[in-house]
Number of protein chains: 2
Amino acid sequence: MKSSKLYVVAFLCVTSLFSQKSDEQQIKSIYDLALTQGKSYDWLNHLSNQIGGRLSGSVQAEQAVDYTKSQLDSLGFDKVWLQPVMVPKWVRGIPEFAYIESKPGITTNVPICALGGSVATPPGGIKANVVEVQSIEELESLGEAKLKGKIVFFNRPMQADLISTFAAYSGCVDQRGQGAAEAGKYGAVGVIVRSMNLRLDDYPHTGAMGYGDTPSENRIPAAAISTNGAELLSTTLKLNPNIQFYFKQNCKQLDDVKSYNVIAEIKGSTFPNEIMVVGGHLDSWDLGDGAHDDGAGCVQSMEALRLLKETGYTPKRTIRVVLFMNEENGLRGGKEYAAVAKNKNESHVFALESDAGGFTPRGFSFNASEDNINMAKNWATLFEPYLIHVFVEGYGGADINPLKNNNDDIVLAGLRPDSQRYFDHHHAENDTFEHINKRELELGGATMASLIYLFDKYGTIKK
Amino acid sequence: MKSSKLYVVAFLCVTSLFSQKSDEQQIKSIYDLALTQGKSYDWLNHLSNQIGGRLSGSVQAEQAVDYTKSQLDSLGFDKVWLQPVMVPKWVRGIPEFAYIESKPGITTNVPICALGGSVATPPGGIKANVVEVQSIEELESLGEAKLKGKIVFFNRPMQADLISTFAAYSGCVDQRGQGAAEAGKYGAVGVIVRSMNLRLDDYPHTGAMGYGDTPSENRIPAAAISTNGAELLSTTLKLNPNIQFYFKQNCKQLDDVKSYNVIAEIKGSTFPNEIMVVGGHLDSWDLGDGAHDDGAGCVQSMEALRLLKETGYTPKRTIRVVLFMNEENGLRGGKEYAAVAKNKNESHVFALESDAGGFTPRGFSFNASEDNINMAKNWATLFEPYLIHVFVEGYGGADINPLKNNNDDIVLAGLRPDSQRYFDHHHAENDTFEHINKRELELGGATMASLIYLFDKYGTIKK
């Protein structure tokens, strides 16, 4: 145990002068290629503008499978294949509709969208009084007396003074995920959730919700309202708590359908049975074209493998790009990939996911042992010229997380791009290709390729 | 000399535990206030959308002077005033027009704009053969034989593999600045310059150019062409070197007019005669609304002073916000401010400029002594929670640079935001408010206020 660590440290020291130089050169060649002959932007243009939103089970999701497989086929990797996986198929139906009725007959339309996984309203919609709450905990104190027959309006905003917008998101998303299941217990008839968005604008943001073990007959519909809509509703309620809210949606959960993870690999030259994964998720929500979430992560992952190959690097370990299906509303792709890997007794030593938008990369968060994190921190100077400076303990990514069950020793890493703009677009109609900057996207792919290069070359530290 | 340095170091060590905590708190309160009750975004909305492009000498520039003065008046600082300065007045006239004539009568329009300071074409425009060059140096080898009567097309692109887009800009901007003066020496009749833009798109980017000591009768007109236009022109020339290019512009240099630097200050409580400046430039080019260049820097500077005041900090030194007039085509405001300061024997010890766009701040570049730069580097941990990590030697800013002549000891600093998107918008029609992200802008103002706080509290290190 300790001796292997010492060996690694000694090896790093002895070879550091030569390696440092050669690492610098390899990493520079990766960034140069990405910025001058990058492919990721064109791929993302196709995924976004020729295909569009890729909700699991949709025609677009299948087109994305075909397109990315054909592109990977053309890159000369050792193997490209599709891994079948059954995915849920939820459909939004006709556009949702909602209004605030401040007096009988006096209505103001507000932008809403059904949350992913929600049931429909009755065909004629729901109209009811509204109870605004700031948290799920508040429901208990209000109780059935105050909530029965009402629409519960969850309006806790994202916290603007958190520098990480992901932290602000984590602090709010329970309202979206469990709000309907919890409000339903008190007899509420519907749930409206303030969009997870730090801006005030008119875009409702969808996202997954679940009913837990609520029996089907007790499931109430849930929708997101735009932040401007939430502000209006809240103000209107302050003026008159007796206003009514109307909404209508006819979304539906259909039977599961077959889909695929898209996989390509370069076989390792020295340790072919040690597998390193780089990936993003190919599915997206349906409102925008999923350019940031997570078209960007997919094309960056494809690009990372291409950059390693085109710069002439021969990986010691097997490196796989995996485009996971169904991260957004089921995680079936990530779970299936891990299950198949376990079944085949594959040894995964490293996995890197990009699922935080195609913005300027700032670094990585690691779900890994302290030794591995420290090793990565020691590479910080190699990344300095590219302004990559974040090397922290944290989350790897939803799709790669199930691999942890197969191998507790695995290094999971997540690319951490600048997060300030992410939730302006996340799960909304404006998550579109025009909000992608080519260079920012390319820098992300190069940063990923560089980390993979280093972990492949030096290996992960086993316990 | 040395003893004062030692004193500072000792002081920092002794008080570090307490100070570190109190510095952390002060800086946190600055960021919190900026992100939750920031004013900069609303100010910039007004500057951009109610006023618009603010070319020196224009009505809009004067409106911007009035507006920012009135806002500063409302913030309760100790003093607000206008500092008169004569500025050049160049006007674009009617929209420019250009086409490539691949065969007689077969024309393709291309987007161009006059460079700032250029002379007009003759009223009927100019039509001539085109010689494409990559550099000013190339002109000499071509000589009058190849250039006389021709339009010179400078087409060296920005270097995509440089991580700092400002470095890529510096590597190209000589074509824009001196291209016409140099090509004119060989009898060229006009100059077309590839826009300083890393993207391929249809926006021509203007910017300052000069004729040096070229007599007026020998000055030839110069325009920028969009990057897509440049690619088209270059390809067309490769197919047929005898194509003609037509362009027409009726821009004009008028007499200088009176304008103003807008200044506000909080008087120092301990060293009122030591002055610290924070600023940006109020003028902009006329094509867009100057949101990034440099409306952002102006509102961030105003906000920095407001944040210090509203968080209850009492500055030891006098802190001034200066909104400089005429950075883009004359630097008259910056020069005048320094001249008046010299005349009044004012002692400026520190100046910070924001003129690199309203993007996520990454850190600072310092034009200062090594001791001062090292002191700033020692504050890096205070900035770490805000992902501020760049503390490098470099440029302060154009407007504050003349202060260096008054006091060689002065610390000049430039805010360094993420630079990837800047030149997509710089000096072009799409430098508009919609491309500003509120949080990124606010983080910049908070970052500036925090640096000012630290330099005020600990003082700069004198030689």
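The values are calculated or read from the model by the stated rules, or taken from the named source; none is laboratory data. All figures in this text were calculated on a predicted structure; none of them were measured in a lab. Positions of Cβ are generated from backbone atoms using ideal geometry, with glycine treated the same way; all protein chains shown enter the neighbour counts. These accessible areas exclude ligands, DNA and RNA; they are computed on the full protein's heavy atoms, side chains included. Shrake-Rupley method; radii C 1.70, N 1.55, O 1.52, S 1.80 Å.
Here are the numbers for this structure:
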{"read-out": "DSSP bridge orientation in segment B:279-438 - percent antiparallel, rounded to nearest 5", "value": "35 percent"}
{"read-out": "Average Cα contact separation per residue, segment A:52-176, under 8 Å, 6 or more apart, as relative contact order %", "value": "14 percent"}
{"read-out": "For residues of A:399-405, the mean tally of beta carbons on other chains within 10 Å", "value": "0"}
{"read-out": "Rounded to 5, the percent of DSSP beta bridges in chain B classed as antiparallel", "value": "55 percent"}
{"read-out": "Chain B: angle of helix B:296-310 to the longest principal axis, Cα-based, in degrees nearest 10", "value": "10 degrees"}
{"read-out": "Cα-based helix-to-principal-axis angle, B:2-14 vs chain B, degrees rounded to 10", "value": "70 degrees"}
{"read-out": "Accessible surface of segment A:93-250, 1.4 Å probe, proportion on carbon and sulfur as whole %", "value": "54 percent"}
{"read-out": "Exceeding the 24 Å Cα-Cα cut-off - candidates A:438/B:103; A:39/A:69; B:127/B:252", "value": "A:438/B:103"}
{"read-out": "Those residues of segment A:30-59 for which accessible area with every protein chain present is at least 20 Å² below the isolated value (1.4 Å probe)", "value": "A:32, A:35, A:36"}
{"read-out": "Average partner coverage of A:382-390, which counts Cβ from other chains inside 10 Å", "value": "3"}
{"read-out": "Partners for residue A:238 among aspartates and glutamates (Cα-Cα distance below 20 Å; same-chain residues under 8 apart left out)", "value": "A:101, A:132, A:138"}
{"read-out": "Per residue convex hull volume, Cα atoms of the protein assembly as shown, in Å³", "value": "205 Å³"}
{"read-out": "Mean Cβ neighbour count within 10 Å, used as a protection proxy, ranking B:145-154, B:448-457, A:177-186 highest first", "value": "B:448-457, A:177-186, B:145-154"}
{"read-out": "Ranked packing of A:292-305, A:225-238, A:75-88, A:313-326, most packed first, by mean Cβ within 10 Å", "value": "A:292-305, A:313-326, A:225-238, A:75-88"}
{"read-out": "Listing of segment A:337-363 residues, each with accessible area lower by at least 20 Å² in the full protein assembly than in the chain alone (probe 1.4 Å)", "value": "A:360, A:362"}
{"read-out": "Neighbouring partner chain Cβ atoms per residue of A:159-165, average, 10 Å criterion", "value": "5"}
{"read-out": "Within segment A:194-224, backbone nitrogen closer than 18 Å to the virtual label 7 Å beyond the Cα of residue A:107 toward Cβ", "value": "A:223-224"}
{"read-out": "Beta bridges per DSSP with both ends in the protein assembly as shown, % antiparallel, nearest 5", "value": "55 percent"}
{"read-out": "Approximate spin-label separation residue A:164-residue B:343, in nm, with each point projected 7 Å along Cα-to-Cβ", "value": "5.4 nm"}
{"read-out": "Alpha-carbon centroids, segment B:238-302 and segment A:285-325: separation in whole Å", "value": "41 Å"}
{"read-out": "Residue-normalised accessible area of segment A:266-345, expressed per residue, 1.4 Å probe, Å²", "value": "29 Å²"}
{"read-out": "Gyration tensor (alpha-carbon) shape descriptor, chain A, a/c threshold 1.5", "value": "prolate"}
{"read-out": "Solvent-accessible area per residue for segment A:373-463 (1.4 angstrom probe, square angstrom)", "value": "30 Å²"}
{"read-out": "Entries of A:344/A:462; B:79/B:342; B:309/B:463 with Cα pairs more than 23 Å apart", "value": "B:309/B:463"}
{"read-out": "Relative contact order (%) - chain A, alpha-carbon pairs under 8 angstrom, separation at least six", "value": "21 percent"}
{"read-out": "Test item: Cα-centred dipole of the protein assembly as shown, Lys/Arg +1 and Asp/Glu -1 on Cβ, debye", "value": "760 debye"}
{"read-out": "With every protein chain in place, segment A:329-463: carbon and sulfur % of accessible area (1.4 Å)", "value": "45 percent"}
{"read-out": "Angle in degrees between helix B:438-458 and the longest Cα principal axis of chain B, rounded to the nearest 10", "value": "50 degrees"}
{"read-out": "Span from the segment A:394-438 Cα centroid across to the segment A:342-363 one, whole angstrom", "value": "9 Å"}
{"read-out": "Total charge dipole magnitude, segment A:413-463, about the Cα centre, Cβ charges on Lys, Arg, Asp, Glu only, Debye to nearest 20", "value": "540 debye"}
{"read-out": "In the A-B interface, the accessible area buried, summed over both sides, Å² (probe 1.4 Å)", "value": "2300 Å²"}
{"read-out": "Protection-proxy order for peptides A:62-69, B:115-122, each taking the mean of Cβ atoms within 10 Å per residue, highest first", "value": "B:115-122, A:62-69"}
{"read-out": "Those residues of segment A:413-440 for which accessible area with every protein chain present is at least 20 Å² below the isolated value (1.4 Å probe)", "value": "A:418, A:420, A:421, A:437, A:439, A:440"}
{"read-out": "Per residue value of the accessible surface for segment A:113-217 (all protein chains in place, 1.4 Å probe), Å²", "value": "39 Å²"}
